[in-house]
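As C-alpha cells, the structure follows; a few thoughts come after it.
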Amino acid sequence: MNLALLRQTLRRNAVRVLVISAGLVLMGVVMPVMYAAFGEQMSAFIDSVPFFSQLASSFGGGNVMSLEGSMALAFNHPFTLLLMGILAIAFPALAIAGERERGTLEVTLSRPISRRSLLLTLYVAGVIFIVAAVGVLVATTGITGTAVGFGDRIDGAHLVGLWLTDALLFITFMSLAFLVSTGADRAAPAIGLPAAVVLLSYLAWAIGGIWPDVRVLAEWSPFQLLKAQRTLTDGAAVSDLAVMAVAIVLLAAAAFYRFPRRDLPAPS
C-alpha cells in the first residue's frame, strides 16, 4: 500500500464524504424524531387498514411502526442507498476506470507503484469512506433516539453490530465495483453494471418483503443479510457477517488477480 497515495485519495474525496455524511445525518435524525412525534398515532391508523398494516409489518424485514423498525428504515431507505452507492460504486469506478478513460492511470502507474499496491491503496480508502459514513449514520441514529427519550430502549452493542453489518454489505458492493472497474476502460459501464446489480437486488428485497408470492426474491437478495431491525433488537447474526466476509474476500481476490494481468491500451 502506498501511504502518500492514500493520503491524497482521502484528501481529494473529503468534501464528497462530508456531503454524503450530512445526508446520512439527516436520515439518522428524521426517523427517530418522526417515530417520537407520530409513532403511536400512525400505528393506530395503520392498524385500522389491513393493507397498510401488512405493508408496515413486512417492509424492511420488520414493523416500521416500532422504534427499532423506524430506526432501521434509516438504513434501508432508498435515499441512504443512493448516498452509500456513491461511495460503494462511483468511487471504485472513477478511481480505476475513470482514470483509465482520462488517460491518467498510466501516468500514476509510471511512478514506483505496482498495480496491486495501487488497487490496495484505493481499496483501503474505499473501506475507510464506507466505515466512516455508516458510523455517522449509526451515531446520529443512536444519539437522536436517546435525545427524544428512547435511550433506555437502545442497545449500544446492537448499534455497533448494525454498523458492522451495514458496512460489510456496502464493502461487498464496493468489491464488486472494483472487480468490474479493473476490467473496464470507461467509467459509465464500470458504474452501470454494479449499480444495476444493487438496484435489482434492492427491488427484489423490497418487493419480496411485502409480496408473499415472490418472497423467494427477497431471500436471495444481498439486502436480506442486513436485517437492520432484527440487529437492533437481537444483535448481528454471525452467519450473515460470515457470508458477506466470504463474498468480500472472493470479489476482492478476483479484482487483485485480474488487474495486474489486463492490458492497458491507449484510450481511443
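Remarks
- Selected residue [modelled with pLDDT under 90 and touching a Lys or Arg at 6+ places or on another chain (Cβ under 9 Å)] from ASP185, ASP155: ASP185
- Scanning the range 16-27 for residues that are more than 15 Å from the chain's Cα centre (by Cα) and not aliphatic (A, V, I, L, M) yields a count of 1.
- Residues considered: ALA147, ALA157, ALA97. Of these, the only one that is among the aliphatic types (A, V, I, L, M) and either surrounded by 15 or more Cβ atoms within 10 Å (Cβ to Cβ) or under 25 Å from ALA255 (Cα atoms) (or both) is ALA97.
- Hits in the range 1-58 - residues which are assigned to a loop (DSSP other than H, G, I, E, B) and either aliphatic (A, V, I, L, M) or at pLDDT 55 or above (or both): MET1, ASN2, ASN13, VAL49
- Verdict on ALA139 being within 21 Å of the chain's Cα centre (by Cα), within 23 Å of PHE75 (Cβ to Cβ) and surrounded by fewer than 17 Cβ atoms within 10 Å (Cβ to Cβ): yes
The values are calculated or read from the model by the stated rules, or taken from the named source; none is laboratory data. Because the structure is a prediction, the values reported are computed rather than measured. Note that each Cβ is placed from the backbone with ideal geometry, even for glycine, and that neighbours are counted across all protein chains shown.
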